[in-house]
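Each reported figure results from applying straightforward, stated rules to the coordinates on display, with no laboratory input. The model shown is predicted, which means the values in this text are computed figures rather than measured ones. So basically every Cβ, Gly included, is an ideal-geometry build from the backbone, and we count neighbours across all protein chains shown.
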Amino acid sequence: MTSRRRRRSPEESRAELLAAAARLIRERGPDNVSLRQIAAAAGVAHGLVTHYFGTYAALVREVLMAENDRIEERVRERISAERGVPTAAGITRVLFDTLADERYLRLFVWAEMHADYRGAARPELVELMDAIEAGIRAALAGRRVPSRSRIEAVALIGLSAAYGFAIGGRSWLAGMAHDPDDPAHEAEFRVQLAAMMGAHMVEESGLESPE
């Protein structure tokens with residue numbers, strides 16, 4: 001149903017368009033939503049969508065960025081809950097819990113697959129790496145801390161493995177003659193991934209992995 005149009009500020013119009021886009025994309029998937037449908041849902045003229053966002057791909061990226069901010073906040077909350085000590089197992093749990101949302105995963109894959117998307121610097125992600133590094137430094141209590149490049153490499157390994165499993169894990173398990181619906185396979189993958197991440201993280205410190 002088309003909403004009645006009303007006077008609103010540019011900031012309100014942009015926020016309402018973004019909210020309408022997020023809702024429709026969650027319901028239908030990014031391949032089944034048009035700019036015209038988003039404008040109608042927000043109760044604004046179609047031309048305002050292109051005025052504020054340019055292209056549909058740019059609008060999808062805005063929705064994805066908002067979702068990423070939500071995920072990063074969850075990781076920060078997990079770090080705080082663990083008293084500043086970001087364990088590999090804790091971060092892995094957050095990643096897999098997030099990627100259980102297939103709607104978010106479809107959104108992420110759609111944005112990454114479009115040729116005009118090359119990513120952009122994100123201060124929030126840098127701040128998240130800062131928080132992880134600070135937590136590790138506190139946990140090691142004066143011992144040699146892994147380098148920033150090692151911490152970032154471990155984060156990339158965790159992201160790549162978690163996203164890869166979420167996208168292709170069921171197909172790969174079936175191909176290996178396993179039941180893809182058996183949760184034990186994902187649980188074992190989480191354990192093994194966390195162990196490898198933990199071992200790689202502390203290797204530079206000369207410590208045994210705590211996980």
Which whole-percent values make up P(r) of the chain when all C-alpha to C-alpha distances are grouped in 5 Å steps starting at zero? 1, 6, 13, 15, 15, 13, 12, 10, 7, 5, 2, 1, 0
Size of segment 1-54 as Cα extents on the principal axes (Å, biggest first): 29, 24, 15
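Filter the DSSP H helices in the chain by two things, a Kyte-Doolittle mean of at least -1.0 and an axial alpha-carbon span of 20 angstrom or more, and list the hits by number. Mind showing how you got there, number by number?
Details: long enough: 10-28 (27 Å, -0.50); 56-81 (38 Å, -0.42); 123-140 (26 Å, 0.73); 148-175 (38 Å, 0.68); 183-202 (29 Å, 0.31).
Span-like helices here: 10-28, 56-81, 123-140, 148-175, 183-202.
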Over the chain, what is the mean sequence separation of C-alpha contacts under 8 Å (at least six apart), divided by residue count, expressed as relative contact order in percent? 20
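So, counting K/R as plus one and D/E as minus one, what does the shell of residues with Cβ under 10 Å around L173 add up to?
Working: positive: R170; negative: D179, D181, D182, E186.
For residues surrounding L173, the net value is -3.
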Under the definition of Cα pairs under 8 Å and six or more residues apart, what whole-number percent is the relative contact order of segment 1-54? 46
